[in-house]
Amino acid sequence: MRVFADLDEFAAARGEHLGHGGWHEVTQEQVDLFADATGDHQWIHVDPVKAAAGPFGAPVAHGYLTLSLIPSLVRDAYTVRGLRMGVNYGLNRVRFPSPVVVGSRVRAGAELLSVTDLPPGKQAVVKVTVEIEGEPKPGCVAETVVLLVP
């Protein structure tokens, strides 16, 4: 894990790769719980038998589930000390280049694109790439925007 002493040190890392988080297995239980939470019960996600005969050969995670895993996936990649809080401010660009098949392991890499002053702290744009173990294309690439408050 990369540790930044404060926001100024973090801001100085603009343009750098911040590191990778650990691997996380995407389970059918997670997919089913996400389907229940969102009401998206499409068969490619929640019906393993039908999905096995479908286009991906197995059930796949919802794209938005993969996106929602980003905070936990980057948690072990880097940290900024001395913060009171970090607040999700939004997303600039999100793509899902490859499906995440249930049972796959994913991890996130983070790259600091920009840091700007935004009272009461700094706004950071971090490009997060959710890699799928053994796959050439990522499951998600997203520019996350976060407000960091010292």
Note on region 40-66: residues assigned to a loop (DSSP other than H, G, I, E, B) and under 21 Å from the mean Cα position of the chain (by Cα) are 40, 59, 61, 62
Counted residues in region 1-36 being part of a helix (DSSP H, G or I), closer than 17 Å to residue 148 by Cβ and open to solvent by less than 80 Å² (accessible area, probe 1.4 Å) come to 3
By residue number, the members of region 101-116 that are in contact (Cβ under 8 Å) with a residue 12 or more places away in the chain and out of contact with any His (no Cβ under 9 Å at 6 or more places or on another chain) are 101, 103, 104, 113, 114, 115
(message) Just checking, does region 81-91 include any residue being closer than 23 Å to residue 131 by Cβ and buried (at least 20 other Cβ atoms within 10 Å of the Cβ)?
(response) no
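The values are calculated or read from the model by the stated rules, or taken from the named source; none is laboratory data. If you're wondering where the values come from, they're calculated on a predicted model, not measured in any experiment. Note that each Cβ is placed from the backbone with ideal geometry, even for glycine, and that neighbours are counted across all protein chains shown. When the accessible area is computed, the model is the full protein with side chains, heavy atoms only, and any ligands, DNA or RNA have been set aside. Shrake-Rupley method; radii C 1.70, N 1.55, O 1.52, S 1.80 Å.
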